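Colleague: Pasting a structure here, questions to come.
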Amino acid sequence: MRIGTVKESYIADAALFDTKVQRGWMFALLAGLLLLPFFTGQYASYLVCLVLINIVSTAGLNILTGFTGLVSLGQAAFMGVGAYTVALMEIKLGTPFLLNLLVAGGLAAVIGIVVGLPSLRVKGLYLAIATIAASVILHFVFANWTSVTGGVSGLSMPPASLFGFEFIQPDQVYWIIMPITVIMLFGAANLFRTRIGRAFIAIRDRDISAEVLGIRLLRYKLLSFAISSFYAGVAGGLWAYFFRVVTPESFPLTMSIFFLAAIIVGGMGSILGSVLGAVFMTMVPEVLKMMVGVLSPIWPDAVAVMSPVRIIVFGGLIIIFLIFEPDGLAEIWRNIRRFFHLWPFKT
Amino acid sequence: MQMSQVSEQEVSPTLHTEGREILGVQGLSLAFGGVKALSHVSFSVKEGSITSVIGPNGAGKTSLFNSISGFYTPNEGTVKFLGQTMNNVPAPDRAELGMARTFQNIALFKGMTVLDNIKLGRHAHMKTNPLDALLYFGRARREEAELRKEVEEKIIDFLEIDHIRNQSVAALSYGLQKRVELARALAMKPKILLLDEPVAGMNREETEDMARFILDVKEEWGVTVLMVEHDMGLVMDLSDHVVCINFGQVITEGLPHEVQSHPDVISAYLGSGDVAALRKKFKEGK
């Protein structure tokens with residue numbers, strides 16, 4: 001049972017991790033992230049990097065959809081903007097990767113603001129359709145502005161480099177992706193400790209009364225679009241450094257749906273939910289694939305027979321999670337924590 | 001602390017400033033298609049007073065509130081606040097100028113805790129920008145800490161809601177939700193507080209608590225109160241000035257007892273008939 005969490009100041013009470021145990025776990029997690037590439041192979045590093053990139057983009061979408069209540073299906077297209085920006089800057093200018101990623105985020109944010117303009121008038125499904133339209137337009141631009149984007153064949157770019165060191169293999173790119181993901185997650189968590197995060201939640205819950213409380217709706221809706229797209233743009237930039245080939249097909253509409261599914265499965269309006277959702281959506285198909293792989297020595301046809309079953313199981317898992325915990329994995333996590341905090345008493 | 005300094009300097013000397021108009025409604029008309037919700041409503045609210053708007057259901061009280069707070073744009077007439085015409089001032093700016101309101105059908109944000117709901121009230125008076133917020137360093141951290149201290153020490157203590165500060169508002173009883181809404185309005189550094197049915201649906205004890213809070217807000221904080229209320233006992237006990245409207249028009253206004261015994265008011269509430277008999281009944285009933 002958890003006892004004795006006395007605070008002496010309001011700042012201490014408002015801390016992100018307010019108990020020693022929590023801080024301890026957090027340091028353990030960070031240490032784990034720092035040591036990870038030394039103990040895993042390239043394939044595992046590859047998967048971890050993919051998960052981290054998806055976490056950044058999912059966190060961005062959660063700020064917009066989960067916290068501000070604006071449904072968007074444009075997240076993959078914003079990632080595309082970031083990826084193309086990074087690729088072009090790396091090819092044409094050769095500027096440092098951090099600058100490229102910032103510009104990628106910034107440009108995606110600007111485009112996000114433009115796409116977000118209808119949000120003052122339309123909500124819910126209507127806004128989702130408006131953002132689909134935007135992502136189709138962006139896809140068209142990627143595919144047809146051949147002189148800049150390289151058309152359907154896309155762009156191949158050099159790896160990121162720092163003081164002559166080139167980040168080529170997944171366990172090398174990891175050192176770019178991991179710190180940026182951690183920083184951006186802390187940023188997202190901080191956002192909701194301030195007036196800006198509160199304004200977003202107010203807009204989600206009751207936008208009209210939010211206005212009477214002094215929140216300028218258009219400004220904050222667009223700000224939410226900007227921040228969300230910034231995250232997508234940076235995620236797209238990281239994606240570009242990871243795969244080093246950017247084509248229009250890299251960021252299809254299904255990817256936007258993937259992120260939407262990730263925040264729903266993980267938990268809308270929860271930073272932890274973004275992480276859990278992105279991990280779940282990226283890793284479960286991989287784990288199922290591995291399980292099929294384990295079967296193949298015993299059952300030679302396993303891969304052929306089980307592949308469709310794998311997809312069905314994945315879909316089924318999502319549905320089961322949603323039925324049993326509509327608030328997502330984050331809520332399951334909170335229930336587990338509550339259990340241990342109150343143990344040996346029952347919740 | 002900051003709040004008390006501000007209010008003392010700007011609003012608090014109630015006795016000296018009483019009599020000056022803080023909010024003036026002049027010839028306000030509002031129509032939804034053919035339905036005239038308000039027609040030529042005029043009255044004024046004196047600084048440091050409690051003014052009540054009464055009237056039967058559908059009389060236009062909430063429409064009047066919505067026009068004052070900037071929810072609706074009136075077709076005609078003006079709302080003057082602190083001597084400034086509000087017609088072209090959007091709702092968020094009115095909030096920043098010091099107009100705070102609560103809603104008849106509680107407009108708290110269900111996804112937030114009580115504390116966050118109250119803090120939200122201060123939104124317009126804070127300066128944290130997105131970059132500060134992402135880093136939570138410097139200004140963001142300082143502003144949040146100051147706000148937390150003030151909310152805790154001035155508002156939560158005052159309204160006696162310290163036991164629920166970390167609960168989600170969705171889990172609270174109706175009476176407590178109304179109190180949290182008042183807390184949020186107080187966090188807005190209001191100069192005038194618009195209360196839309198502050199005690200509707202409350203039991204006697206909760207009503208008495210709320211009445212005490214409203215009086216304290218006026219006397220200790222020096223905030224002017226304009227309220228819509230159906231509970232005649234409360235209106236008559238608290239108000240300095242009562243405005244009665246029916247069918248979107250001001251029937252009469254004046255001191256509570258004057259309005260109470262005005263024949264038009266009685267007929268508006270009870271229907272026309274033998275006024276003397278109804279008046280007797282009305283006085284006995286309430």
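The values are calculated or read from the model by the stated rules, or taken from the named source; none is laboratory data. Here the structure is a predicted model, which is why all the values come from computation and not from measurement. Backbone-built Cβ (ideal geometry, glycine too); neighbour counts: all protein chains shown. Just so you know, the surface numbers come from the protein's heavy atoms only, side chains and all, with ligands and any DNA or RNA stripped out. Shrake-Rupley method; radii C 1.70, N 1.55, O 1.52, S 1.80 Å.
Colleague: Counting only protein heavy atoms and rolling a 1.4 Å probe, how much accessible area do B and A lose on contact, total for both sides, in Å² to 100? Write out the running numbers ahead of the final one.
Modeller: On the way: alone 13640 and 17980 Å², together 28450 Å².
Interface area, both chains combined: 3200 Å², rounded to the nearest 100.
Colleague: Given the whole protein assembly as supplied and a 1.4 Å probe, what does the accessible area of residue A:239 come to in Å², nearest 10?
Modeller: Only protein atoms counted, so the area is about 30 Å².
Colleague: Still on this model: Per residue of region B:20-35, in order, report the coupling 6.51 cos²θ - 1.76 cosθ + 1.60 (Karplus, θ = phi - 60°) as ³J(HN,Hα) in whole Hz, putting x for Gly and Pro.
Modeller: Couplings: 7, 7, 9, 9, x, 10, 10, x, 6, 10, 9, 10, 10, x, x, 8 Hz.
Colleague: Give me a comma-separated list of calculated 3J(HN,Hα) values for region A:146-161, in order, Karplus coefficients 6.51, -1.76, 1.60 applied at θ = phi - 60°, integers in Hz, x for any Gly or Pro.
Modeller: With coefficients 6.51, -1.76 and 1.60, one gets 4, 4, 9, 8, x, x, 5, 6, x, 10, 9, 10, x, x, 5, 9 Hz.
Colleague: Could you work out which residue, out of B:218, B:149, B:191, moves most in a Gaussian network model of chain B, that is, has the largest mean-square fluctuation with Cα springs under 10 Å?
Modeller: Maximum fluctuation in the GNM of chain B, among the listed residues, is at B:149.
Colleague: Please give the solvent-accessible surface of residue B:230 in Å², to the nearest 10, using a probe radius of 1.4 Å with every protein chain present.
Modeller: Residue B:230 has an accessible surface of roughly 60 Å² with all protein chains in place.
Colleague: Let me check against my output: what whole-number percent is the relative contact order of chain B, with C-alpha pairs under 8 Å and at least 6 apart?
Modeller: Details: 494 pairs, mean separation 73.2, N = 286.
Once normalised by length, the contact order is 26 percent.
Colleague: Shape verdict for region A:264-347, please, from the Cα gyration tensor: rounded (a/c under 1.5), prolate (a/b greater than b/c) or oblate. The partial results should precede the final answer.
Modeller: Values: a/c = 2.94, a/b = 2.11, b/c = 1.39.
The shape class here is prolate.
Colleague: Taking the alpha-carbon distance from residue B:36 and a cut-off under 16 Å, which lysines remain once sequence neighbours fewer than 8 residues away in the same chain are dropped?
Modeller: B:61
Colleague: Starting from the amide H of residue B:21, placed 1.01 Å from N in the peptide plane, find each other amide H under 5 Å away whose residue is 5 or more places distant or on another chain.
Modeller: Under 5 Å from the amide H of residue B:21: B:47.
Colleague: Just reorder B:269, A:43 by solvent-accessible area, largest first, 1.4 Å probe, all chains present.
Modeller: Working: B:269 70, A:43 120 Å².
Solvent-accessible surface, decreasing: A:43, B:269.
Colleague: How high is the relative contact order of chain A? Use alpha-carbon pairs under 8 Å, at least six apart in sequence, and give a whole percent.
Modeller: Working: 507 pairs, mean separation 102.5, N = 347.
This gives 30 percent for chain A.
Colleague: Can I ask one more? As a test of reading the structure, rank B:284, A:166, A:8 by solvent-accessible area (1.4 Å probe, protein chains only), most first.
Modeller: Working: B:284 130, A:166 90, A:8 180 Å².
So the residues, ranked largest to smallest area, are A:8, B:284, A:166.
Colleague: Count the DSSP beta bridges whose two residues both fall in the protein assembly as shown, then state the antiparallel fraction as a percent rounded to the nearest 5. Write down the numbers at each step before the final one.
Modeller: Values: 26 of 42 bridges.
Around 60 percent antiparallel, to the nearest 5.
Colleague: Taking each residue of B:81-91 in turn, how many C-beta atoms of other protein chains fall within 10 Å of its C-beta, and what is the average?
Modeller: Numbers: counts 0, 0, 0, 0, 0, 0, 0, 0, 0, 3, 10.
The mean count of partner-chain Cβ atoms within 10 Å per residue comes to 1.
Colleague: Can you say what percent of the DSSP beta bridges in chain B, counting only those with both residues inside, are antiparallel? Round to 5.
Modeller: Percent antiparallel among DSSP bridges in chain B is about 55.
Colleague: At a probe radius of 1.4 Å, what is the per-residue accessible area of residue A:206, in Å² to the nearest 10?
Modeller: 80 Å²
Colleague: If you take the C-alpha gyration tensor of region A:195-347, multiply each eigenvalue by 5 and take the square root, what semi-axes do you get, largest first, in whole Å? Please report the intermediate quantities before stating the final value.
Modeller: Working: eigenvalues 248, 127, 34 Å².
They are 35, 25, 13 Å, listed from largest to smallest.
Colleague: Moving on. Return the sequence-ordered ³J(HN,Hα) values of region A:84-91 in whole Hz as given by the Karplus equation 6.51 cos²θ - 1.76 cosθ + 1.60 applied to θ = phi - 60°, using x for Gly and Pro.
Modeller: 5, 4, 4, 4, 5, 5, 5, 6
Colleague: I've got another one for you. Please state the shape class of chain A: rounded when a/c is under 1.5, otherwise prolate if a/b exceeds b/c and oblate if not, all from the C-alpha gyration tensor. Write down the numbers at each step before the final one.
Modeller: Numbers: a/c = 1.38, a/b = 1.09, b/c = 1.26.
Judged from the Cα gyration tensor, chain A comes out rounded (a/c under 1.5).
Colleague: A further question on this structure: Before I look further, what does the protein assembly as shown give for accessible area per residue, probe 1.4 Å, in whole square angstrom? Please report the intermediate quantities before stating the final value.
Modeller: Values: 28450 Å² over 633 residues.
Roughly 45 Å² per residue, with all protein chains present.
Colleague: Leaving ligands and nucleic acids out of the surface, order B:257, A:341 by accessible area at 1.4 Å, largest first. All intermediate terms of the calculation are to be shown ahead of the outcome.
Modeller: Details: B:257 120, A:341 55 Å².
Per-residue accessible area, sorted high to low, gives B:257, A:341.
Colleague: Measure off 7 Å from each Cα along the Cα-to-Cβ vector at residue A:296 and residue A:339, then give the distance between these two points in nanometres to one decimal.
Modeller: Here the modelled spin labels are 3.6 nm apart.
Colleague: Mind jotting down the distance between the C-alpha centroids of region B:211-228 and region A:229-297, whole Å?
Modeller: The distance from the Cα centre of region A:229-297 to that of region B:211-228 comes to 54 Å.
Colleague: Roughly to the nearest percent, how much of the accessible area of the protein assembly as shown is carbon and sulfur, given a 1.4 Å probe?
Modeller: Details: 18040 of 28450 Å².
The nonpolar share, carbon plus sulfur, comes to 63 percent.
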